[in-house]
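Participant: This structure is in structure tokens; I'll ask about it shortly.
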Amino acid sequence: MMKRQQSEQEPEEQPQGDAVRGAPAPLPIVAIVGRPNVGKSTLFNRLVGKKTAIVHDEPGVTRDRHYADVLSRGRKFTLVDTGGFDPESEDPMRQGIKRQIDVAISEADVIVCVLDASVSPTPADHAELDLLRRAGKPVVFCANKADSPRSELDASDLYRLGIERLIPLSALHGRRVDELEEAISRALPPAPPVPAADAPVDEAIRVAIIGRPNAGKSSLVNRLVGEERFLVDARPGTTVDAIDARLTHDGRDFLLIDTAGIRRKAKVTKEDSVVEAVSVLHAIRAMERAEVVVLLCDAAEGVAEQDAKILGLAVERGCAVIIGLNKIDLIDKKTLAKAEENARDKLAFVPWAPVTAVSAKSGRGVDKLLGLVTRVAEAYRKRVGTGELNRFFEQVLEHRPPPTSGGRAPRLYYITQAETSPPLFVVMASDPEKIHFSYQRYVTNQLRKSFGYEGVPIRVKYKPRRRRTEMRGGGGGSEKT
């Protein structure tokens with residue numbers, strides 16, 4: 001057995017019971033707009049740092065807005081890619097893109113207008129700038145495809161549009177993109193102040209109710225708060241915005257966030273594309289504010305692929321998750337059992353998420369759901385002491401030490417909890433890169449089992465323990481999740 005080794009740099013045990021100071025401020029939004037085929041998606045991928053948007057020479061490839069969180073110059077924001085702006089087109093698809101762009105502009109805190117450095121100003125460019133001036137938002141102008149000093153000179157022709165400052169750049173090659181990042185950083189609204197140590201603490205459990213349209217989300221919130229707090233309608237898409245409601249149950253305070261239903265893109269018509277775009281963004285922001293996300297599904301219809309995608313958005317944002325099967329008053333026990341089995345199968349990527357059955361209409365299972373939300377939230381906020389963690393770790397190593405890799409087994413020294421909400425654990429090891437992913441999964445599963453992390457995403461990072469000669473120099477190393 002590999003015994004836990006004491007180290008001078010072992011972190012001191014953290015105090016128990018972290019305070020919860022309320023929902024985090026939503027991230028500022030930066031929208032990229034421009035004519036078709038000016039390189040918006042290429043720039044989006046460059047700023048995000050990976051290829052996430054579809055890039056193609058054919059104009060109009062980007063049809064729906066695309067979102068990604070970006071950390072740049074010490075500020076984090078949500079970057080939005082949009083389709084090509086073409087006000088002269090009568091194509092219905094183009095008109096739909098125009099409505100999407102209008103939504104992006106209305107939601108944005110900062111707008112990045114991408115122009116083509118190789119083309120003189122067009123009527124569409126003039127129309128676009130008129131639209132941006134009416135929006136009254138901070139705008140950063142850049143001229144893409146400026147791949148050389150000569151093309152930078154060609155871009156100066158775009159100043160005829162009345163632009164005060166233009167950044168010529170190449171999204172494809174990364175040329176002068178750092179200047180754009182600096183300009184975006186300066187244009188962002190001021191960062192929210194850090195709460196003072198004596199600021200009021202909001203202990204309410206923040207719960208977002210998410211899911212496809214007509215799953216019964218608003219009905220469930222109305223049942224929980226005991227009044228018609230939200231409009232309920234059998235037609236999908238009744239809820240457009242995310243709305244909050246307070247609730248006290250069994251001595252615990254809850255902040256319930258009802259959200260719009262998120263549909264598959266194929267189900268979105270031209271008429272309601274704008275409503276849908278706003279709904280998705282608000283649902284994502286609701287997840288960012290929440291500690292616990294309840295994915296509500298129609299038990300009779302079963303869990304669909306879109307439910308899995310919605311839950312994936314929540315897990316990506318580090319939320320604790322619960323799967324709720326609603327409308328059980330309409331089905332028998334046999335059908336419910338099949339629905340639960342179906343949920344486990346379709347949502348196999350979150351085997352640690354509890355499944356519970358409810359009826360928003362009759363109230364059956366609602367108290368059980370709130371009790372489950374409370375337990376999951378407490379686990380989400382839980383901090384385990386370093387001493388208790390390492391007693392657990394010794395047992396894990398004794399029962400199953402890490403497998404040999406390259407002729408020797410990595411040494412695991414100690415474990416500590418670095419963060420809560422969601423929990424982050426750090427394991428100091430001799431060779432972190434040699435710890436097999438299956439063993440990392442084993443350690444995560446043992447943490448979940450031993451400390452009751454039901455419904456909570458657990459992050460475990462493996463770091464190399466610094467040698468004594470490296471302590472003063474602050475040497476670091478690789479890490480794995």
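Participant: Modelling each spin label as a point 7 Å along the Cα-to-Cβ direction, I'd like the R133/E394 distance in nm, to one decimal.
Facilitator: Those two pseudo-labels are separated by 7.4 nm.
Participant: Also, quick follow-up: Quick query: amide H of S72 versus all other amide H atoms, modeled in the peptide plane; which residues come in under 5 Å with a sequence gap of 5 or more or a different chain?
Facilitator: F77
Participant: To continue, here is another question. Summing Lys, Arg as +1 and Asp, Glu as -1, what charge do residues with Cβ under 15 Å from the Cβ of G162 carry, G162 excluded? Walk me through the numbers on the way to the answer.
Facilitator: Numbers: positive: R133, R134, R160, R165; negative: D125, E128, D130, D157, E164.
Residues close to G162 contribute a combined charge of -1.
Participant: Next question. Taking R0 as 35 Å, what's the FRET efficiency between H173 and H126 from their Cβ-Cβ distance, rounded to 0.05? Write down the numbers at each step before the final one.
Facilitator: Details: r = 28 Å, r/R0 = 0.81.
About 0.80, to the nearest 0.05.
Participant: Given labels modelled 7 Å from the Cα in the Cβ direction, how far is it in nm from R459 to R411?
Facilitator: 2.9
Participant: Just to confirm my numbers, what's the Cα centroid distance between segment 201-224 and segment 373-433 in Å?
Facilitator: Their Cα centres are 33 Å away from one another.
Participant: Rounded to whole Hz and in sequence order, give me ³J(HN,Hα) for segment 159-172 from the Karplus expression 6.51 cos²θ - 1.76 cosθ + 1.60, θ = phi - 60°, writing x for Gly and Pro.
Facilitator: 5, 5, 6, x, 7, 7, 9, 10, 9, x, 8, 10, 5, 5
Participant: How much length is gained on full extension from R252 to L336, taking 0.36 nm per residue of separation minus their Cα-Cα distance? Before the final figure, lay out the partial values.
Facilitator: Working: separation 84, 0.36 × 84 = 30.24 nm, distance 2.97 nm.
Length difference between fully extended and current span is 27.3 nm.
Participant: Another question, then. I'd like the Karplus ³J(HN,Hα) series for segment 410-424: coefficients 6.51, -1.76, 1.60, θ = phi - 60°, whole numbers in Hz, and an x wherever there's a Gly or Pro.
Facilitator: Karplus values, whole Hz, x for Gly and Pro: x, 9, 9, 8, 7, 10, 9, 9, 8, 9, 10, 6, x, x, 10.
Participant: Between E164 and E316, how many nm apart are label points set 7 Å from Cα along the C-beta direction?
Facilitator: Modelled inter-label distance: 3.5 nm.
Participant: Going 7 Å from the Cα of E419 in the Cα-to-Cβ direction, what parts of segment 375-395 have a backbone nitrogen less than 15 Å from that spot?
Facilitator: Of the residues in segment 375-395, 380-383 have backbone N under 15 Å from the label point off E419.
Participant: Moving on. Check R175: other-chain or 5+ apart residues with amide H under 5 Å from its amide H, H built from backbone geometry?
Facilitator: It is S170, by chain and number.
Participant: Would you grab the residues whose amide H sits under 5 Å from the one on H249? Only those 5+ places off in sequence or on another chain, please, with H modelled 1.01 Å from N.
Facilitator: For H249, the qualifying residues are F254.
Every read-out reported here was derived from the displayed coordinates using simple, explicitly stated rules and does not represent laboratory data. Values in this document were obtained by computation on a predicted structure and should not be read as measured data. Here the Cβ is made from the backbone with ideal geometry for all residues, glycine too, and neighbour counts use every protein chain on show.
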